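Novice: Pasting in a structure now, in structure tokens, and then I'll have a few things to ask.
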Amino acid sequence: MKIVVLVKEVPDTYAERRLNLETGLADREANDRVLDEIGERAVEVAVSYAESHPDTEVTVLTIGPQAVPTSLRKALAMGATSGFHVLDDALRGADLTLTAEALAKAAERIGFDLIIAGDVSTDGNAGVIPAMLAERLGIAHATALNSLEISETDIGGERETSGGTITLTASLPAIVSITERHPDARFPGFKGIMASKKKSIVTVDLADLNIDSDADLPRSIVVAVSARPARSAGLKIVDEGNAGQQLAEYLVQNRLV
Amino acid sequence: MTELTIDPILVLLDVSSTGELATSAAELLGAAARIGTPVAVIITRPGHGQDAAMAAGVQGAQRVLVAETPEVDSVLAAHIVDGLVLAYERVNPSAVLISNSIEGRDVAGRFAVRTQNALAVDAVGVDCDDEGIIVHHSVYGGAYDVDSAVTFGTPVVTIREGGVEDRAAAANPIIESLEYVGTGRRAATIVSFAPEPAKSSRPSLRGATRVVAGGRGVGSAEDFALVEQLADVLGAAVGASRVAVDSGYVPHSYQVGQTGVSVSPQLYIALGISGAIQHRAGMQTAKTIVAINKDPEALIFEIADFGVVGDLFTVVPQLVSALIATKD
Ligand SMILES: Cc1cc2nc3c(=O)[nH]c(=O)nc-3n(C[C@H](O)[C@H](O)[C@H](O)COP(=O)(O)OP(=O)(O)OC[C@H]3O[C@@H](n4cnc5c(N)ncnc54)[C@H](O)[C@@H]3O)c2cc1C
Ligand SMILES: Nc1ncnc2c1ncn2[C@@H]1O[C@H](COP(=O)(O)O)[C@@H](O)[C@H]1O
């Protein structure tokens, strides 16, 4: 079985994230760049399947800047077989259309039975890339899965929907996306880290994938960015037996009840 | 000015398994009415179309295209995309608005690729000026307002659930049926649907005007009753931190934050929540924030308009009684 896992490097959410007010792009200096947590969980799903199915090959695929191989190494240390990095200046600030095109062509180049993605990225908040890839690749999608079972021929899983839970199946090849209800990623052990140093990361650019980023296609662009004023702290009281009462008064006075 | 707002705006409405329009319908139609004439597409199981179309009219659809197909119960998204494509070809809209629900995102992604249009996601509003449609987004937990536009073509926009305040005036819609055969693309099969146990009468989190949320400090599923009690006195929705959800105190759908629901209520009360940055990302745009936490250093106090350093198990019961007393 060949599994491709889509991982994305994002600004660390543990620190205040910043946008460049001129370009609308993420300010790369403001935060450490890390593998998106949901992508790590997707790697976990793939490598734990590979552990019990030894003829499985797991390729982690990403589009991102030069620094990306550091975070790809982490996925390799967790147990992925190899990495595939699409690197091109024209991908800076790429919209969803171009991102999906590049990921789809890269996945085709790698070859796959199953693609595993995160449901939503913490910086893009889009949650559409998996469905876009499914459409481009002519395969089924099963997104936002809270649970996932993989067999040689099919996948199955559950997703929440308005008013209940649905159980889905799809025959391979297919693309799935998982939610953070999946287990946390393992810590790569010393052995994993050593082994990852020998694993290969292929780097390609858009020309290698026969993609013309200047093609006459509609693109989504940022036209304005502004920062909201930061919030500040207001009144803080220490309970000395009547804080509940005081809070009730505050709510009533401010017409919040 | 008026000629700018007469273009058809195609709006895909989600319908529940029991045939009701999703609460996002009013928001989508409201957003559409702001930039043009709302034309709804409803793709639902046989027998549900007419009522859903009438309901869409009440919420502002001027025209409704309805398709009924049993496949919506057995095939994931494919028939909805096929139907939407057909409606798009018939209506030739100047924008397509879709809910940013899980179902909506699937459809939006496939639809944008198939029709070769650009996609703008998680919008909290739309406007139009003489250059076209502007999409408003609130990013990084409300720290930035970003506007986007598409270079040409028809923007496909997903609208954040509970994110739009516009509402359209009721209309008496022209209802048309949309006859089509699915294109039979590869899709996942829906094997079964398990309805969730009867919903409480509490307001839902998305779009709520008041929210009371509990975190790890609440300590257990049983003690979450205290959070619910305060919520009920205030007529508020109930939310939770990720730790509270992961610990099984409440269902996943209660999670507020970066990877949960984003809320912007008039009042947000955080009980036993530390205020981790990822939690704040989902609630810091609330008008008024109240926090009760026994740790005076808790991060949540940095953004609280009214903070109580104290034990939630003594402060909340007193607050509840005091609020009940003021009501009498
Ligand atoms: C990618 C990513 C996404 C995330 N997304 C989310 C998200 O969407 N939502 C989210 O909430 N978190 C999210 N998190 C997790 C986040 O970092 C925190 O771990 C989480 O918010 C902490 O939850 P908490 O405040 O309930 O728990 P803690 O941080 O453990 O805080 C519990 C608080 O309760 C207080 N307390 C304890 N007992 C009492 C008492 N009796 N009375 C009063 N106060 C008491 C303590 O002083 C403490 O401040 C995310 C993390 C990552 C990495
Ligand atoms: N630049 C990228 N490189 C690799 N995978 C990505 C990229 N962008 C999105 N994805 C994948 O698509 C998922 C959903 O992302 P999004 O649609 O941006 O919210 C992510 O969790 C990743 O698995």
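The values are calculated or read from the model by the stated rules, or taken from the named source; none is laboratory data. This is a predicted model, so every value here is computed, not measured. Please note: Cβ atoms are built from the backbone with ideal geometry, for glycine as well, and neighbour counts cover all protein chains shown.
Novice: For the condition at pLDDT 95 or above and out of contact with any helix residue (DSSP H, G or I) (no Cβ under 9 Å at 6 or more places or on another chain), what is the one hit in A:113, A:123, A:119? Break it down stepwise before answering.
Specialist: Numbers: A:123 fails: at pLDDT 95 or above; A:119 fails: out of contact with any helix residue (DSSP H, G or I) (no Cβ under 9 Å at 6 or more places or on another chain).
It is A:113.
Novice: Something else: Looking at segment B:142-159, which of its residues are buried (at least 23 other Cβ atoms within 10 Å of the Cβ) and facing another protein chain (nearest Cβ under 8 Å)? Even if it seems obvious, please write down each step before you answer.
Specialist: First, the residues of segment B:142-159 that are buried (at least 23 other Cβ atoms within 10 Å of the Cβ): B:148, B:150, B:155-159.
Selection gives B:148, B:150, B:155, B:158.
Novice: Just to be sure, is residue B:118 more than 19 Å from the chain's Cα centre (by Cα) and within 16 Å of ligand 2 (Cβ to nearest atom)? Break it down stepwise before answering.
Specialist: On the way: more than 19 Å from the chain's Cα centre (by Cα): yes; within 16 Å of ligand 2 (Cβ to nearest atom): yes.
The answer is yes for residue B:118.
So that you can scan it fast, the table gives a plain yes or no per residue for (1) more than 10 Å from ligand 2 (Cβ to nearest atom); (2) on the phi > 0 side of the Ramachandran plot; (3) within 14 Å of chain B (Cβ to nearest Cβ):
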residue: A:49; (1), (2), (3): yes, no, no
residue: A:80; (1), (2), (3): yes, no, no
residue: A:92; (1), (2), (3): yes, no, no
residue: A:105; (1), (2), (3): yes, no, yes
residue: A:116; (1), (2), (3): no, no, no
residue: A:126; (1), (2), (3): no, no, yes
residue: A:136; (1), (2), (3): yes, no, yes
residue: A:145; (1), (2), (3): yes, no, yes
residue: A:152; (1), (2), (3): yes, no, no
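Novice: Looking at B:270, B:244, B:240, B:236 in this structure, which one is away from ligand 2 (no atom under 16 Å from the Cβ), within 12 Å of chain A (Cβ to nearest Cβ), in contact with a helix residue (DSSP H, G or I) (Cβ under 9 Å, 6 or more places away or on another chain) and not polar (S, T, N, Q)?
Specialist: Every option except B:236 fails the conditions.
Novice: Please state which of the following conditions residue B:179 fails to meet, knowing it meets all the rest: (1) more than 16 Å from ligand 1 (Cβ to nearest atom); (2) not in a loop (DSSP other than H, G, I, E, B).
Specialist: (2)
Novice: In addition: Looking at (1) more than 10 Å from chain A (Cβ to nearest Cβ); (2) within 16 Å of ligand 2 (Cβ to nearest atom), can you tell me which one residue B:262 breaks?
Specialist: So the condition that residue B:262 fails would be (1).
Novice: Among the residues of segment A:23-47, which ones are more than 12 Å from the chain's Cα centre (by Cα) and either within 16 Å of ligand 2 (Cβ to nearest atom) or touching a residue at least 40 places away in the same chain (Cβ under 8 Å) (or both)?
Specialist: So the first thing to find is which residues in segment A:23-47 are more than 12 Å from the chain's Cα centre (by Cα), and the list is A:23-33, A:44-47.
A:23, A:24, A:25, A:26, A:28, A:33, A:44, A:45, A:46, A:47 - these are the residues of segment A:23-47 that are more than 12 Å from the chain's Cα centre (by Cα) and either within 16 Å of ligand 2 (Cβ to nearest atom) or touching a residue at least 40 places away in the same chain (Cβ under 8 Å) (or both).
Novice: Conditions first: (1) surrounded by fewer than 18 Cβ atoms within 10 Å (Cβ to Cβ); (2) within 13 Å of ligand 1 (Cβ to nearest atom). Residue A:29 passes all but one, so which condition is the exception?
Specialist: (2)
Novice: Something else about it: Confirm whether residue B:245 is surrounded by fewer than 18 Cβ atoms within 10 Å (Cβ to Cβ), at negative phi and either touching a Ser or Thr at 6+ places or on another chain (Cβ under 6 Å) or without any contact (Cβ under 8 Å) to a residue 24 or more places away in the chain (or both). Walk me through how you get there before you give the answer.
Specialist: Numbers: surrounded by fewer than 18 Cβ atoms within 10 Å (Cβ to Cβ): no; at negative phi: yes; either touching a Ser or Thr at 6+ places or on another chain (Cβ under 6 Å) or without any contact (Cβ under 8 Å) to a residue 24 or more places away in the chain (or both): yes.
Here the answer is no, as residue B:245 does not meet what is asked.
Novice: Looking for whichever is crowded, with 20+ Cβ neighbours inside 10 Å, under 19 Å from residue B:140 (Cα atoms), of a type in the set (Val, Ile, Thr) and within 16 Å of ligand 1 (Cβ to nearest atom) here; the options are A:10, A:34, A:43. Which one fits? Break it down into steps so the answer makes sense when it comes.
Specialist: Details: A:34 fails: crowded, with 20+ Cβ neighbours inside 10 Å; A:43 fails: under 19 Å from residue B:140 (Cα atoms).
None of the others qualify; the one that does is A:10.
Novice: Residue A:57 - would you say it is more than 17 Å from the chain's Cα centre (by Cα) and closer than 21 Å to residue A:177 by Cα?
Specialist: Values: more than 17 Å from the chain's Cα centre (by Cα): yes; closer than 21 Å to residue A:177 by Cα: yes.
Answer is yes for this residue.
Novice: Same structure again: Scan (1) within 14 Å of another protein chain (Cβ to nearest Cβ); (2) in contact (Cβ under 8 Å) with a residue 60 or more places away in the chain; (3) charged (D, E, K, R); (4) away from ligand 2 (no atom under 12 Å from the Cβ) for the single condition residue A:18 breaks and write down its number.
Specialist: Result: residue A:18 fails condition (2) only.
Novice: Where in segment A:147-248 are the strands (runs of 3 or more DSSP E), entirely inside, with at least 2 residues that are modelled with pLDDT of 95 or more and within 16 Å of ligand 1 (Cβ to nearest atom)?
Specialist: Qualifying strands (runs of 3 or more DSSP E): A:174-178, A:235-238.
Novice: I've got another one for you. Test residue B:214 against the criterion of being away from chain A (no Cβ under 14 Å) and more than 23 Å from the chain's Cα centre (by Cα), and give yes or no. Give the derivation first.
Specialist: Details: away from chain A (no Cβ under 14 Å): yes; more than 23 Å from the chain's Cα centre (by Cα): no.
So residue B:214 fails the test.
Novice: Does residue B:85 satisfy being under 28 Å from residue B:189 (Cβ atoms) and among the hydrophobic types (A, V, I, L, M, F, W, C)? Full working, then the answer.
Specialist: Numbers: under 28 Å from residue B:189 (Cβ atoms): yes; among the hydrophobic types (A, V, I, L, M, F, W, C): yes.
Against the criterion (under 28 Å from residue B:189 (Cβ atoms) and among the hydrophobic types (A, V, I, L, M, F, W, C)), residue B:85 qualifies.
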